[in-house]
Structures are given as C-alpha cells and as structure tokens.
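Input: a single structure, listed below in structure tokens.
The values are calculated or read from the model by the stated rules, or taken from the named source; none is laboratory data. Worth saying up front: this structure is predicted, and the values here are computed from it rather than measured. Counting neighbours? That spans all protein chains shown, and the Cβs are built from the backbone with ideal geometry, glycine included. Side chains are part of the model used for accessible areas, which takes the heavy atoms of the whole protein and leaves out ligands, DNA and RNA. Shrake-Rupley method; radii C 1.70, N 1.55, O 1.52, S 1.80 Å.
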Amino acid sequence: MIHADVTVRNDRILRMEVTGHADSAAYGRDLICAEVSAVMTGLCNAVDEFGYTIPLILKEGHVVIEAGDNDAHDLQVILKTGLCQLKTIEAVHSDFMKITKMEV
C-alpha cells in the first residue's frame, strides 16, 4: 500500500511524505504506482523550477517534501495541487493508497 502523510498547520502544508508501493500489478506494470510517481516527481520538479530550496527526497518508494515554515504562496499552491491529485488517486484506488493528514 502507498501511504501519504501530510502535515499541515493553519491550512499550510508543512511536509508531505509518500512511501510504499501499491502492489496492484507486477513490478514495472503497476499503474497506481506510476500515477503516484508522476504526481510526486512533478511536485519536486515544480518546487525546483520555481526556485525553492527546501529539502526534497525523491527515490524509489519514498518521497519527502519539507516546506517547513516556508509559506510562500506559489509553493503552497504547488503542494495543495499535488495533494488534490493524490486525493483523486486515493478516491479511485482506496485499496492501494491511504492519505493521512495531521494538523500540528
């Protein structure tokens, strides 16, 4: 199962961490993993493209985006758009993906 843990404070995303594999098909043919990978890679690329120098980890089965206290409007739009995309994947494939949102 893919787990997405999102930490928020006052409607701002502080951290997104996505781990695991959907295991919905054979390795290399898992479309759910491909969907989530595309979203998370796109998020990391957008963060970089906009010039934000925040900690990013992007490796197989593990992505972390640490916005921390950076409340830049564009960064929050990027992260919230990504979260919306992940929620769509979760809604369609709830047996393979779970999003947990934690308010701090």
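Worth a mention:
- Qualifying residues in region 49-64 (those that are surrounded by fewer than 13 Cβ atoms within 10 Å (Cβ to Cβ) and not in a strand (DSSP E or B)) - the one nearest to the chain's Cα centre (by Cα): Gly61
- Selection of region 1-14 for residues being open to solvent by 70 Å² or more (accessible area, probe 1.4 Å) and either among the basic types (Lys, Arg) or under 11 Å from the mean Cα position of the chain (by Cα) (or both) yields His3, Arg9.
- Residue match in region 72-88 (condition: open to solvent by 80 Å² or more (accessible area, probe 1.4 Å) and acidic (Asp, Glu)): no
- Taking the criterion of being within 14 Å of Glu17 (Cβ to Cβ) and either touching a residue at least 24 places away in the same chain (Cβ under 8 Å) or out of contact with any helix residue (DSSP H, G or I) (no Cβ under 9 Å at 6 or more places or on another chain) (or both), the residues of region 58-83 that qualify are Lys59, Gly61, His62, Val63, Val64, Ile65, Glu66, Ala67, Gly68, Leu79, Gly82, Leu83.
- Identity of the residue in region 20-48, open to solvent by 30 Å² or more (accessible area, probe 1.4 Å) and under 9 Å from the mean Cα position of the chain (by Cα), that ends up nearest to Thr81 (Cα to Cα): Thr41
- Qualifying residues in region 11-48 (those that are part of a strand (DSSP E or B) and basic (Lys, Arg)) - the one nearest to Ile99 (Cα to Cα): Arg15
- Check on Val77, in a helix (DSSP H, G or I) and over 11 Å from the mean Cα position of the chain (by Cα): yes
- Val77 meets each of the listed conditions (1) at pLDDT 95 or above; (2) in contact with a strand residue (DSSP E or B) (Cβ under 9 Å, 6 or more places away or on another chain); (3) not hydroxyl-bearing (Ser, Thr, Tyr) apart from (2).
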